[in-house]
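Trainee: Take this structure, written in structure tokens, and hold onto it; I'll ask about it next.
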Amino acid sequence: MSTSTHREQGGNSHGANPDRFRANQPGTHTFAERGSDFYPTPRIAVESLLNGEPDVLNTMARVWEPTAGDGNIVHVLRDNGIPVIASDIEKGNCDLHFVGDFLQQGRAPVGVTTVVTNPPYKLAAQFAAHALALVPDVYLLLRLAFLESVGRTELLEHSGLRRVLVFRKRLPRMHRANYDGPKASSSMAFAWMCWRHGYTGPTILARI
């Protein structure tokens with residue numbers, strides 16, 4: 001992930017008011033500014049995932065959403081008849097089954113087969129690895145650039161990444177919760193990255 005130091009050293013072609021163009025897109029602010037890194041998930045992102053993965057994400061699945069926030073992912077899954085356990089590191093506007101740090105959980109809730117979440121960007125790799133240690137199927141909403149890192153080779157090439165679901169259309173801008181700065185249209189590509197514990201086949205790219 002980019003650090004504040006790296007961004008400050010890079011050039012800026014936007015003149016004296018760069019914040020006008022930053023518009024709070026994920027990953028462009030310092031960790032101090034981003035706090036818990038909570039960017040509510042657009043409903044269309046979850047609906048597209050369900051359309052793309054009907055063989056796994058259906059009423060037979062038992063899902064855990066460990067960064068439930070305001071419940072955007074939880075509500076769409078439940079609207080489609082999928083049972084969901086909701087948790088988060090702190091209480092938001094979603095009714096939670098429990099409050100807790102996902103990365104500190106030693107086991108998944110009883111019966112859970114799948115994790116579906118939009119993880120904190122600064123902890124995305126840790127979330128993926130930890131989720132795979134707890135459940136068979138993992139779906140994370142991530143920046144498409146997550147695929148580029150040499151440092152994530154083990155996770156991306158040897159840990160069961162079976163599908164990458166790229167959106168045909170850019171998602172609506174995901175502004176940080178309670179952000180009241182300048183807004184902008186979406187400029188960052190996202191994808192659902194789908195891991196299955198023990199999967200050893202090729203990673204399939206699909207459009208949703």
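Trainee: Test of understanding: what is the full-extension gain from T200 to V110, defined as 0.36 nm times their sequence separation minus their Cα-Cα distance? Don't skip to the answer; put the middle values down first.
Mentor: On the way: separation 90, 0.36 × 90 = 32.40 nm, distance 2.64 nm.
Extra length from T200 to V110 when fully extended: 29.8 nm.
Trainee: Can you tell me the dipole magnitude for the range 76-183 around its Cα centre, using point charges on the Cβ only (Lys, Arg +1; Asp, Glu -1), in Debye to the nearest 20? Show your work: numbers first, answer last.
Mentor: Values: 14 positive and 10 negative charges, 105 e Å.
In total the dipole reaches around 500 debye.
Trainee: If I model a spin label as a point 7 Å beyond the Cα along the Cα-Cβ vector, how far apart are those points for L147 and Q126 in nm?
Mentor: Inter-label distance under the simple model: 2.6 nm.
Trainee: Let me ask something additional. Each residue of the range 64-75 in turn: what ³J(HN,Hα) in whole Hz from Karplus with 6.51, -1.76, 1.60 and θ = phi - 60°, glycine and Pro shown as x?
Mentor: 10, 10, x, 10, 5, x, 8, x, 4, 6, 4, 5
Trainee: For R173, which sequence-distant residues (separation of 5 or more, or a different chain) have an amide H within less than 5 Å of its own amide H, given hydrogens modelled in the peptide plane?
Mentor: Those lying under 5 Å, H to H, from R173 are S186.
Trainee: What ³J(HN,Hα) values, in whole Hz, does the Karplus curve 6.51 cos²θ - 1.76 cosθ + 1.60 give for the range 43-58 when θ = phi - 60°, with x put for Gly and Pro?
Mentor: 4, 4, 5, 6, 4, 5, 4, 4, 5, x, 10, x, 6, 10, 8, 9
Trainee: In Å and on Cα atoms, what radius of gyration and Dmax does the range 108-167 show?
Mentor: That works out to 11.4, 35 Å for Rg and Dmax.
Trainee: Where does each of 193-206, 146-159, 120-133 land if you order them by average Cβ count within 10 Å, highest first?
Mentor: Working: 193-206: 14.9, 146-159: 13.3, 120-133: 18.9.
Per-residue Cβ counts within 10 Å, averaged per peptide and sorted highest first, yield 120-133, 193-206, 146-159.
Trainee: Dimensions of the range 57-136 along principal axes (Cα, Å, largest first)?
Mentor: 30, 28, 20
Trainee: First compute the accessible area of the range 66-208 with a 1.4 Å probe, then give the percent of it belonging to carbon and sulfur atoms.
Mentor: Numbers: 3500 of 6990 Å².
Summing carbon and sulfur atoms, their accessible area is 50 percent of the total for the range 66-208.
Trainee: Residue-wise, which Karplus ³J(HN,Hα) couplings in Hz belong to the range 98-107, taking 6.51 cos²θ - 1.76 cosθ + 1.60, θ = phi - 60°, and x for glycine or proline?
Mentor: Ordered by residue, 3J(HN,Hα) equals 6, 9, x, 6, 3, 5, 9, 7, x, 7 Hz.
The values are calculated or read from the model by the stated rules, or taken from the named source; none is laboratory data. Note that the structure is predicted; figures quoted are calculated from it, not measured. With ideal geometry, Cβ positions are generated from the backbone for all residues, glycine too; neighbour counts draw on all protein chains shown. Calculation scope for accessible area: heavy atoms of the full protein, side chains included, ligands and nucleic acids excluded. Shrake-Rupley method; radii C 1.70, N 1.55, O 1.52, S 1.80 Å.
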